[in-house]
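The values are calculated or read from the model by the stated rules, or taken from the named source; none is laboratory data. It should be emphasised that the depicted structure is a prediction, and the values quoted were computed from it without experimental measurement. Note that each Cβ is placed from the backbone with ideal geometry, even for glycine, and that neighbours are counted across all protein chains shown.
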């Protein structure tokens, strides 16, 4: 009997049936675990704590996030290409996850070390940057494991399940950390926002264990020797990967479209709570409830987007998701009251996870499975570049162009500016061909 996953002479995969249910669920659960770090450390607790309580400047925080994004910009395509050659994905995910967990756990003792305040802040920002680099770099290898688990016809469903679990993880992480932050529970004597660091590291590790234990690389290791790639070749590898996008119709347009919608998405994540506070009067301390409330619709929406991707194709589904984003952003920009904001926010939350549910299957319709690692790396590169530019555009619109009209006008204009990014992405996607099933002859779907 032939193997369930084979590599054809062309380098493409032949997938016969599905991986065991336990392995598929373990893979999807990693989305649950890594979003606990993303929400608690990268979005909610650490940024407010390091600026408001430890005296870091906004410039210092921006430099830390920009530095981590810049490292990922160069490293993700390079290491993605290496994993394509070796066909090993899991060791990268495991190693980078353990590194992120370890550095996250160190944030608490580092914060209590007896050091000059300025030196301590620099060390803490550097530690965060290291953890964020490890977290971001693990994602392309994790994504590249998906083609070996199910046939192309089921990519959307599995991707949607992972994305939905990811939003469930963000809620679970916030709710689990809340008693430590409030002081009802204690670990290591920490209190306040700082008390979320150790529990977050523990949760990230715990929910990653199923992937560590039950997932595997299904493609046999090639007989060829490991590639001897030096650090100075990183830029050349990135340029080479980008040049090779020409081989696949629509791939370059999709990457540019991804940059635009990721720009809007990442900026919305960073500033939506601030918008609700400054413009609509969200009460102090309600930011956590805001994130939880907007995430619940995302769980349902991300799973439905995955199902729609399998039914009507990822390209058509992505169009619907982006138009939903435009409607939600318009509703929020025009919301006269906090009650109206919740309506627009619920719509935005519903389509929020659809982008991540759909972009993975869409990329896999444009490129062969054998080269998925390097192009998932370029997708991460696009998102990291957007993470640098998006907040700068927001600041330009809110403070420079419309700031003289008041905070409310400036922030509403900044939300409206995100609609332009989404419209640009839609225009670019119109030139991306609908290639659903393009590589289907090399992947035969059978039963369990």
Residues that are within 24 Å of residue 371 (Cβ to Cβ), out of contact with any helix residue (DSSP H, G or I) (no Cβ under 8 Å at 6 or more places or on another chain) and assigned by TED's automatic domain parsing to the domain that holds residue 204: find the helices (runs of 4 or more DSSP H) completely inside region 53-146 holding 2 or more of those. 58-86, 90-111
Might you check whether a residue that is modelled with pLDDT of 80 or more, part of a loop (DSSP other than H, G, I, E, B), under 26 Å from the mean Cα position of the chain (by Cα) and over 30 Å from residue 46 (Cα atoms) occurs anywhere in region 225-246? no
On the basis of being within 23 Å of residue 415 (Cβ to Cβ), at pLDDT 80 or above, surrounded by 17 or more Cβ atoms within 10 Å (Cβ to Cβ) and under 27 Å from the mean Cα position of the chain (by Cα), does residue 273 make the cut? no
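With the structure loaded, tell me whether residue 431 is modelled with pLDDT of 80 or more, surrounded by fewer than 17 Cβ atoms within 10 Å (Cβ to Cβ) and farther than 18 Å from residue 143 by Cα or whether it fails that test.
yes
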What is the one condition in (1) in a loop (DSSP other than H, G, I, E, B); (2) at pLDDT 90 or above that residue 210 does not satisfy? (1)
